[in-house]
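Written below as C-alpha cells is the structure these notes are about.
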Amino acid sequence: MNGHPSAPNAAPPAPSSGVEPHTEPRPASAPLHPPPLSLYVHLPWCVRKCPYCDFNSHEGRGALPFDAYVDALLADLDHDLPLVWGRTVQSVFFGGGTPSLFPPCHIDRFLQGASSRLRFAPGCEVTLETNPGTAEHGRFELYQQAGVNRLSFGIQSFDDDCLRRLGRIHDSREADAAVKLAQDAGFDNFNLDLMYALPQQTLAMAERDLERAFALQPTHVSHYQLTLEPNTLFAAKPPAGIPDDDASWDMQEHCQALLAANGYAQYEVSAYARAGRQCAHNLNYWRYGDYLGIGAGAHGKLTLGHDESILRRWKVKHPGAYLASAGKVEAIGGDDRIEPSRRPFEFMLNALRLVEGFELDLFALRTGVAVAEIAPQLQQAVANGWLAIEGGHARPTEAGRRFTNDLVSLFL
C-alpha cells in the first residue's frame with residue numbers, strides 16, 4: 001500500500017483583481033498536528049509482471065542497477081529531508097516490485113544511510129516484502145542483520161494450479177520452504193499475503209489455503225479478494241472461472257470465521273493479526289498518518305507545520321527516468337496540496353477501513369477540520385446503520401464494513 005494520491009492542480013490561481021471572488025465557505029478549522037511519520041521505499045523491479053498487478057513494477061532485464069538505485073534513493077531522501085526536519089520515523093516499509101530481489105548488502109547500505117539522516121524510533125518496525133521465488137538460503141539472516149525485523153511474503157495461494165493461473169513464479173513447496181528459511185533465521189514477525197475468489201477456486205480450496213497458512217504460524221495474514229484492476233492483463237482478458245459475487249461473499253465470510261477461530265483478529269478490511277502484531281506501518285496509513293515516499297513512483301503524504309498544510313507528493317514512475325533525476329526537482333512527478341474541504345473524505349477513506357474506527361478528536365487533529373463540520377454526514381451514517389458513535393468514538397458497524405464505499409461517499 002502506498003497512499004491515495006490526488007491529481008495535481010491544473011494551474012496556479014489567477015492574479016487578484018482586487019475583488020474577492022465568490023468561493024465556497026472554508027470549513028471551520030481546528031489545530032493541525034503533525035501525526036506519526038513513516039518511510040515508504042519503492043523498489044520497482046520483479047522477475048515477471050503478474051497479470052493482476054497494477055503496482056508500479058517492471059520486469060528486470062539483465063543485471064539490475066542495485067548500487068545506482070540505492071544512490072538514487074539516498075539522493076531522493078536528501079531532497080525531501082527539509083519537509084521532515086526533526087521528526088522521528090516510526091516504521092519503514094520496502095515495497096515493490098519484489099524488494100527481495102535486492103541483495104541484503106544494498107538494503108543494509110540504504111538503512112545505514114537513512115538512519116544517519118533521520119531519527120529512527122527505538123524498535124522501529126522495518127518490513128521487507130519478499131517473493132518465495134526469490135528466497136535464497138542465507139539471505140534472511142543478512143536481511144535481519146541489516147535491520148529488517150518484519151517480512152511480508154507474497155504467497156497468494158498454496159494451490160499450484162491457482163498459482164499458475166495467477167502467473168506466479170513460485171509453487172507451494174517453495175512458499176513453505178521460504179517461510180521456514182525465515183523462521184530458521186530468527187524472524188518471528190511475518191505476514192502471509194493470500195488472495196481468494198481466484199479463477200476456478202472453490203470455497204474448500206480457499207479454506208485449504210488458510211489451513212496451510214496456519215501451519216506456518218504467521219503473526220499476520222493479509223486476506224483479500226482478487227480484483228480486476230484497470231490497465232492489467234486480467235482486466236483486458238479476464239480469466240475463466242472467477243467466482244461470482246455470492247460465491248466470493250461466502251468465501252469471505254467463511255474465511256473470516258476461520259481466521260478468528262485460529263487467533264487472527266480482523267483489524268482492517270483485509271488484515272488479520274495475532275494480539276499485538278498488527279502492521280504498524282499500515283496502521284499509520286489508515287489513521288491518516290504521514291509518510292515520506294521515496295523511489296520510482298513512490299507516494300508520500302506530509303503535514304507541514306509552518307503553514308499547517310497537507311502535501312501529497314509522488315515521484316516519477318519509470319525506473320530509468322527516476323535514476324536520471326533522483327535528488328532533483330525533475331524526480332517529482334507531482335505535488336498536491338490537500339485543501340481542508342477534501343480532507344474529511346481522505347481521512348474517512350482510510351480510517352473507516354479499520355474495524356476499531358477512530359476517535360472524533362483524532363479526526364480534528366489529523367485534518368485541521370472541526371468535527372462540527374462533518375456532523376450531518378456522521379448523523380446520516382448512524383441513521384443508515386453504517387456507523388456507531390459512543391463516547392467520542394466512531395466505529396463502522398458490520399453493515400458499514402460491508403458497504404464501506406457507500407459509507408465513505410457520504411464525506412465527499
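The values are calculated or read from the model by the stated rules, or taken from the named source; none is laboratory data. Note that the coordinates shown come from a computational prediction; the quantities given were computed from them, not determined experimentally. Positions of Cβ are generated from backbone atoms using ideal geometry, with glycine treated the same way; all protein chains shown enter the neighbour counts.
Brief remarks follow.
- In segment 92-111, of all residues being surrounded by fewer than 24 Cβ atoms within 10 Å (Cβ to Cβ) and aliphatic (A, V, I, L, M), the one that is farthest from Gly300 (Cα to Cα) corresponds to Leu101.
- Some residue of segment 223-231 being in a loop (DSSP other than H, G, I, E, B), farther than 21 Å from Pro99 by Cβ, touching an Asp or Glu at 6+ places or on another chain (Cβ under 7 Å) and of a type in the set (A, V, I, L, M, F, W, C): no
- Considering residues of segment 100-139 that are of a type in the set (S, T, N, Q) and assigned to a strand (DSSP E or B) only, the residue nearest to the chain's Cα centre (by Cα): Thr127
- All of Leu166, Leu83, Leu198 fail the test of being of a type in the set (A, V, I, L, M, F, W, C), surrounded by fewer than 22 Cβ atoms within 10 Å (Cβ to Cβ), out of contact with any His (no Cβ under 6 Å at 6 or more places or on another chain) and under 30 Å from Asp245 (Cβ atoms), apart from Leu166.
- Top-ranked residue of segment 200-211 - restricted to ones that are touching a helix residue (DSSP H, G or I) at 6+ places or on another chain (Cβ under 8 Å) and in a loop (DSSP other than H, G, I, E, B), ranked as nearest to Asn149 (Cα to Cα): Gln201
For (1) of a type in the set (A, V, I, L, M); (2) under 19 Å from the mean Cα position of the chain (by Cα); (3) within 20 Å of Gly357 (Cα to Cα); (4) surrounded by fewer than 19 Cβ atoms within 10 Å (Cβ to Cβ), each residue gets a yes or a no:
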{"residue": "Leu283", "(1), (2), (3), (4)": "yes, yes, yes, no"}
{"residue": "Arg287", "(1), (2), (3), (4)": "no, yes, yes, yes"}
{"residue": "Gly293", "(1), (2), (3), (4)": "no, yes, no, no"}
{"residue": "Lys315", "(1), (2), (3), (4)": "no, yes, no, no"}
{"residue": "Pro319", "(1), (2), (3), (4)": "no, no, no, no"}
{"residue": "Asp335", "(1), (2), (3), (4)": "no, no, no, yes"}
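- Tallying residues that are closer than 20 Å to Lys49 by Cβ and modelled with pLDDT of 95 or more within segment 227-249 yields 1.
- So Asp67, is it touching a helix residue (DSSP H, G or I) at 6+ places or on another chain (Cβ under 9 Å), modelled with pLDDT of 95 or more, assigned to a helix (DSSP H, G or I) and buried (at least 21 other Cβ atoms within 10 Å of the Cβ): no
- Segment 271-315, residues that are in a strand (DSSP E or B), of a type in the set (Ser, Thr, Tyr) and under 19 Å from Ser152 (Cβ atoms): Tyr272, Tyr291
- Candidate set: segment 138-161, residues that are out of contact with any helix residue (DSSP H, G or I) (no Cβ under 7 Å at 6 or more places or on another chain) and farther than 19 Å from Gly97 by Cα; chosen: the one modelled with the lowest pLDDT: Gly138
- Criterion: in contact (Cβ under 8 Å) with a residue 40 or more places away in the chain, aromatic (Phe, Trp, Tyr) and crowded, with 21+ Cβ neighbours inside 10 Å - qualifying residue of Phe358, Phe345: Phe358
- Just one of the numbered conditions (1) surrounded by fewer than 21 Cβ atoms within 10 Å (Cβ to Cβ); (2) modelled with pLDDT of 95 or more; (3) assigned by TED's automatic domain parsing to the domain that holds Glu253 is not true of Tyr264: (1).
- Residue in segment 56-64 that is part of a helix (DSSP H, G or I) and either in the same structural domain as Gly167 (by TED's automatic domain parsing) or crowded, with 24+ Cβ neighbours inside 10 Å (or both) present: no
- Of the residues making up segment 372-400, those that are in contact (Cβ under 8 Å) with a residue 40 or more places away in the chain and surrounded by fewer than 18 Cβ atoms within 10 Å (Cβ to Cβ) are Ala372, Arg395.
- Exactly one residue out of Phe153, Phe214 is assigned to a helix (DSSP H, G or I) and not basic (Lys, Arg): that is Phe214.
- Subset of segment 220-236 that is surrounded by 19 or more Cβ atoms within 10 Å (Cβ to Cβ) and within 18 Å of the chain's Cα centre (by Cα) - its residue that is farthest from Asp184 (Cα to Cα): Leu226
- Search result, residues across segment 206-217 that are buried (at least 16 other Cβ atoms within 10 Å of the Cβ) and closer than 12 Å to Leu194 by Cα: Ala206, Asp209, Leu210, Arg212, Ala213, Phe214
- Condition check for Ala182: surrounded by fewer than 20 Cβ atoms within 10 Å (Cβ to Cβ) and either closer than 21 Å to Phe214 by Cα or of a type in the set (A, V, I, L, M) (or both): no
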